[in-house]
Every structure is written in structure tokens, then in C-alpha cells.
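Structure first, commentary second.
Laboratory data are not the source of any read-out in this text; all were calculated from the coordinates shown. Everything quoted here is computed from the prediction, not taken from an experiment.
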Amino acid sequence: MTNILLLEDLPEIRSWLRSLVMQVFPNAHVSESARVHDALELVSAVKFDLALVDLGLPDGTGVDVVTKLRDLQPEAQSVVVTIH
């Protein structure tokens, strides 16, 4: 099973991204987070294949999540999402 992390603080964009992900990876398990703190905990606990990460978040930057993911799970792929 493909495990995907979706980090986006805006609920409507997170929902839209989730629907796109499910079209491409219909059997994937998607873990969603709206905050850097929660995403960092997920990265420490779950092995991800892919992470879709927003850069601008209320409690920090998505770069911190990508950095930790790369350190803990170098085989995971990260995509930085910036939607205005």
C-alpha cells in the first residue's frame, strides 16, 4: 500500500489535493495534517512513500517537514505545494 502525507493548512485545498491523490493512487492511505508539529510527529511514526507539503503554514514552514522526512526516510519522495 502507498502511504502519502498531505500537509496543507487550508481545508478546501487539502480536500482538493486529497481527491487528486485518490484519483492517481486509489488504494493509497493518506495521512492529513494542517500543522507542521503534527506532520513532524507523523513523519517520525509512519513510513511514507510520498509527501505533498505546503511551504507556508501557521506554525512554521513545510521545509522543516521535508528536511526531517529526508533525514528519516530518504527513499520517500517530497513535492512542495504552493497554491495562492
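Some points to look at:
- Mean sequence separation of contacting Cα pairs (under 8 Å, at least six apart), scaled by the length of the chain, corresponds to a relative contact order of 33 percent.
- By DSSP, the beta bridges lying fully in the chain are antiparallel in about 10 percent of cases.
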